[in-house]
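For reference, the structure discussed in these notes is given below.
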């Protein structure tokens with residue numbers, strides 16, 4: 001790999017790392033503690049240079065099934081869910097032990113794919129993750145296998161990792177798997193199979209390479225890895241697929257280990273702004289006074305004090321149009337309050353919000369990260 005590619009991981013401000021089950025848990029149900037300790041070293045190194053790290057972890061069912069006495073073979077759905085309930089405790093404890101050596105606090109969050117599609121739950125999860133990262137914790141995200149059904153049957157933390165990367169506006173998603181990248185064919189059976197080090201678009205030809213015989217393995221196989229890559233490319237997040245069955249897998253990527261990079265044409269920030277401006281349907285309007293309008297053009301957030309009028313029916317996290325007092329559209333953004341609450345606090349100072357609404361919300365009506373000028 002070239003020097004520039006080695007920098008793809010090192011220069012990301014926010015990194016999501018998806019860890020496959022086989023990397024963490026042996027067939028006996030024992031957790032690969034040495035491997036996890038080496039990964040913790042990698043995470044600590046990233047944190048020391050100012051990067052934020054989120055871990056999306058498989059392995060709960062594998063870690064729990066032996067504890068409950070299940071034999072080899074396929075488990076029924078309710079047995080998988082019982083194993084996951086037990087395994088989650090073991091996994092989280094192991095993560096805390098290994099990362100705690102470095103003085104790092106971990107926090108477990110259980111999600112399903114539906115949590116990334118339901119708008120309210122999406123916002124709540126995003127806010128929780130951002131708060132944990134701001135406070136210096138490393139979130140450990142698992143699929144909520146104890147209650148989810150489709151996620152277990154078709155389960156794949158590849159897609160969940162991509163959704164988390166999109167949700168948190170991450171710069172890099174790392175898929176640690178049992179294959180070192182995408183090949184033109186199955187390298188185990190085809191001596192002419194070529195490794196593809198870099199991909200910028202998921203074409204039909206690329207999709208055809210993810211056939212049933214191609215390795216890449218867990219529940220979802222290479223198909224789900226390409227689905228994750230598609231999500232990442234759409235939101236401006238770089239994604240890397242590599243073999244994780246070595247110690248210090250993140251360090252190895254930076255040192256040039258074989259992998260496939262999926263590279264978007266935009267940054268996460270730019271992609272998010274495009275999504276707000278052109279994809280979401282606006283369901284309300286917010287009118288600014290002249291002072292707030294000047295602040296908006298200076299790159300500031302919209303505060304309740306600068307809002308002159310609110311119209312429409314919307315909930316927290318919905319898209320709204322921002323207008324000047326003459327009715328001209330000047331921006332679009334994701335509002336932090338429902339229409340009802342926005343009407344109650346418009347014109348007031350942020351410090352008055354709690355007294356008016358009875359709870360402490362955000363200081364901003366629309367944060368600048370959720371705004372795009374039009």
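The values are calculated or read from the model by the stated rules, or taken from the named source; none is laboratory data. Given the structure is predicted, the values throughout are model-derived calculations rather than measurements. Using ideal geometry, Cβ is built from the backbone for each residue, glycine included, and neighbour counts are taken over all protein chains shown.
Tabulated data
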{"item": "Complete set of residues in segment 158-173 that are over 17 Å from residue 123 (Cβ atoms) and either free of Cβ contacts under 8 Å to residues at least 60 places away in the same chain or assigned to a helix (DSSP H, G or I) (or both)", "result": "158, 159, 160, 161, 162"}
{"item": "Given (1) within 27 Å of residue 122 (Cα to Cα); (2) at pLDDT 95 or above, index of the condition residue 368 fails", "result": "(2)"}
{"item": "Residue within segment 86-102 that is surrounded by 21 or more Cβ atoms within 10 Å (Cβ to Cβ) and under 30 Å from residue 282 (Cβ atoms) present", "result": "no"}
{"item": "When residues of segment 232-258 are limited to those that are under 16 Å from the mean Cα position of the chain (by Cα) and farther than 12 Å from residue 18 by Cβ, the one surrounded by the fewest Cβ atoms within 10 Å (Cβ to Cβ)", "result": "234"}
{"item": "Residue identified as surrounded by fewer than 19 Cβ atoms within 10 Å (Cβ to Cβ), within 20 Å of residue 127 (Cα to Cα) and touching a residue at least 60 places away in the same chain (Cβ under 8 Å) among 315, 354", "result": "315"}
{"item": "Any chance residue 206 is at pLDDT 85 or above, outside any strand (DSSP E or B) and under 17 Å from residue 229 (Cβ atoms)", "result": "yes"}
{"item": "Residue match in segment 269-287 (condition: surrounded by 15 or more Cβ atoms within 10 Å (Cβ to Cβ), more than 24 Å from the chain's Cα centre (by Cα) and not in a strand (DSSP E or B))", "result": "yes"}
{"item": "Unique residue being within 12 Å of residue 365 (Cβ to Cβ) and touching a helix residue (DSSP H, G or I) at 6+ places or on another chain (Cβ under 8 Å) when the list is 287, 322", "result": "322"}
{"item": "Segment 1-46, subset surrounded by fewer than 16 Cβ atoms within 10 Å (Cβ to Cβ), out of contact with any strand residue (DSSP E or B) (no Cβ under 8 Å at 6 or more places or on another chain) and part of a loop (DSSP other than H, G, I, E, B), residue modelled with the lowest pLDDT", "result": "2"}
{"item": "Selection count where residues are closer than 14 Å to residue 310 by Cα and surrounded by fewer than 17 Cβ atoms within 10 Å (Cβ to Cβ), scope segment 357-374", "result": "0"}
